[in-house]
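To keep things clear, I will list the structure first and then write my remarks on it.
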Amino acid sequence: MQVVQQGYPCIFMRKHSLQYKIIGRLLFIAFILISVQAFPQNIRKQRADKFYESGEYSKAATLYRRALKRMKAKPEKAETNFRIADCYRRINNFKKIESFYKRAIQLNYPDPIIYLNYADVLKMLEKYDDAIVQYQNYGKYVPNDRRADEGIESTKLVREWKKTPTLHVVKIFKKINSKYDDFCPSYDEAKDYSDIYFTSNRDKNSSKTKRNSNNSITVPQKSNITGQIFCDIFQIKKNRKEEWTDPVALDTIVNTVFDDGATTITKDGKTMYYTICKMEKNKQIGCQIYESKKTAGAWGVPKFLKLVKDTTLSIGHPSVSADGAVIYFASAMKGGKGGKDIWKIEKDKKGDWTAPANVKEINTEYDEDFPCIREDGILFFSSNRFPTMGGLDIFKAEKNEDGKIAVENMKYPLNSSGDDFGIVFQGKSEKGHFTSNRPGGQGGDDIYTFEVPPVEFTVKGLVKNESNHVIPGAIVKLFGSDGSQFKDTTGKEGVFQRKLKKKTDYVFAVYKEGYFMGKGKFSTAGLVKTTELTPEVVLTTLAKTFEIPNINYDFGSWTLKPEAMLALDSLVDILKDNPNLTIELSSHTDMVGNDEINNEISQKRAQSVVDYVEERGINPDRMVAVGYGKTHPKAVTKELAAKFDFLHEGDILNDAFVNKLPKEERDIANTYNRRTEFKVLSANFVPNKK
């Protein structure tokens, strides 16, 4: 893994701490002065301090740990534990970092920044509750620093984002990754995205070896910042079978003995820009952007692009626009807003690059890094600004309806608790690659693929009967609000299915001989993710008698009440949906009164129902009114028996049964005997032609 930091230019440093508050700094200085006066520093500690101040954190951490073993004074041990933790934080080595933060706090390390840094680390380790506690601790010591509240809020947002992920599908790119750091992919678009360049510090990059005075090869050079081998640029291609081949390092014309990487290639595949971080006599002199031209299929000697006068400043992570006229890059040079900022250069009329301009609309006091300008002009970058899921998150910057630049976190799963950066897109599509050191990878930094698959809507319905048995051979007719129509027949599993259109309302009808028509509706309006709708349609058999609820009359009357009319409207709908049915409408009385009067009243009540339904447009030839009086007493159903202890399923509410009941129970039984029912007589009605 490489790093970029002003003054110490290994290419890809991804951590940045804001300036300490004045009170914290004063406490820290006083603490150091006391420590120096009271406790003579050992040689290892002095050497470690020099490496720490120079940004060579891996080397510093090693020396600090050795020096720590000889320390006895608590203030010195507290400072050393903090610095070890800070070194590991800056190079993303979190395996043992917690213990050093805890120990420094136990030893009363005085600078409150320890709580903020510790909280950030805990959030990256997905220990969210512990992270909130440390953010709260920082807020107590530095109440006016908004980073405490921002840390708490962003930690809560992480949980929400993980519960409601975006449409992106993220997968690790196994063929390209190793147990080392593999990051910052880029495309040769002239090869139709089947040719990928990336950066790696894997141990097979032979260009990082050097020769001693005897011309014998020694081990590859390592960075004192990360402790890792310097990076090279690698290439991976697809063969004729569309399979990815093994990655291969570019030749030593492009790759040097120093840190090389973070490539970007023009759309025509003829020019590559990338970063080289050179060193002289074990000193880094600043990362710079270089340009290499492809001739006869081979990359040429890189040319230094002198973008600023002070070459000790670090400039890196270039991204070239589709027309090749603009390069975005990252730097902590003067004139920015805080840590590392996104800058850009443009070609003038003569073809020369202009002076760097700060992209002020997106930069903050935090770090903005790893820019990617997509073909449609939308700028993507990584930052540790608020809100973030962990370390660096990927953000998108584009103009809103008001013409202003709006910056948006890309959320989960593109972002994670780790560092997420180095994103590239295939043209204007929501498809490409990016880098992450999230849990579950193959090494340190790994390259992942991502895409937003096409959103598709389908219906997969099930047709069954009231006994929960599937109904094969049912005819399903589907009608869309856009005018589309579809017809299907259920298979042996009772299923019908169909692809649906977006933003469309649908109604459907299901027909099967011996059953009432079934129907339903659904809609794709408002759906944003791929969805399979699964309606279930229960068809009711024609071979049964149905009681119509709420058909009540005053004593001795056959006039329909308003509530009865509402219930009969449902019967009208059934007859309209099933135009070939003829039915018998029957009315029944209770066990009170003589048979002649009951028969007359029930007949008139049945006829009043027929008359009402006819007035609603149903052919009277389809209905037969029958008054049964009290000759067809109600049979107690399972549902009715569950309501009353004195009734049992199968009981017949006839004279003999009802008259032996106590008055209260007898009234209940008579109430259920007074009812209106219908049953199907035939399913082949054909109206007479006039």
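The values are calculated or read from the model by the stated rules, or taken from the named source; none is laboratory data. Bear in mind that the values here come from a model prediction, so they are computed numbers and not experimental data. For neighbour counting, all protein chains shown are included, and Cβ atoms are generated from backbone atoms with ideal geometry for every residue, glycine included. Please note that ligands, DNA and RNA were not included when accessible areas were found on the heavy atoms of the full protein model with its side chains. Shrake-Rupley method; radii C 1.70, N 1.55, O 1.52, S 1.80 Å.
A compact table of results
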read-out	value
Selection status of Ser58, of a type in the set (S, T, N, Q), assigned to a helix (DSSP H, G or I) and surrounded by fewer than 18 Cβ atoms within 10 Å (Cβ to Cβ)	no
Near pairs, Cβ below 6 angstrom, 6+ apart or cross-chain, from the range 484-506 (aliphatic (A, V, I, L, M)) to any residue that is open to solvent by 40 Å² or more (accessible area, probe 1.4 Å) and outside any strand (DSSP E or B)	none
Leading residue by the ranking (least open to solvent (accessible area, probe 1.4 Å)) among those in the range 144-202 that are under 30 Å from Tyr115 (Cβ atoms) and touching a Pro at 6+ places or on another chain (Cβ under 6 Å)	Ser154
Only one of Val308, Val326, Val320 that is more than 28 Å from Lys399 (Cβ to Cβ), of a type in the set (A, V, I, L, M, F, W, C) and open to solvent by less than 50 Å² (accessible area, probe 1.4 Å)	Val308
Single unsatisfied condition, Asn108 versus (1) in contact (Cβ under 8 Å) with a residue 24 or more places away in the chain; (2) buried (at least 20 other Cβ atoms within 10 Å of the Cβ)	(2)
Scope the range 522-562; condition open to solvent by less than 40 Å² (accessible area, probe 1.4 Å), closer than 30 Å to Ala606 by Cα, β-branched (Val, Ile, Thr) and not in a loop (DSSP other than H, G, I, E, B); matching residues	Ile548
Condition met for Thr671 (open to solvent by 60 Å² or more (accessible area, probe 1.4 Å) and either of a type in the set (D, E, K, R) or in a helix (DSSP H, G or I) (or both))	yes
Selected residue [under 15 Å from Leu157 (Cβ atoms) and of a type in the set (Gly, Ala, Ser)] from Gly403, Gly390, Gly377	Gly390
Helices (runs of 4 or more DSSP H) wholly inside the range 588-659 containing at least 1 residues that are open to solvent by 50 Å² or more (accessible area, probe 1.4 Å), under 20 Å from Asn550 (Cβ atoms) and out of contact with any Phe, Trp or Tyr (no Cβ under 8 Å at 6 or more places or on another chain)	595-615, 638-643
Filter result (part of a loop (DSSP other than H, G, I, E, B) and touching a residue at least 60 places away in the same chain (Cβ under 8 Å)) within the range 116-143	Leu125, Glu126, Val142
Matching residues, the range 99-115, being among the charged types (D, E, K, R) and outside any helix (DSSP H, G or I)	Asp111
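Each row is one residue, and each column tells you yes or no for (1) at pLDDT 95 or above; (2) hydroxyl-bearing (Ser, Thr, Tyr); (3) farther than 30 Å from Tyr101 by Cα.
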| position | (1), (2), (3) |
| --- | --- |
| Leu125 | no, no, no |
| Gln134 | yes, no, no |
| Gly151 | yes, no, no |
| Leu157 | yes, no, no |
| Thr164 | no, yes, yes |
| His168 | yes, no, yes |
| Asp182 | yes, no, no |
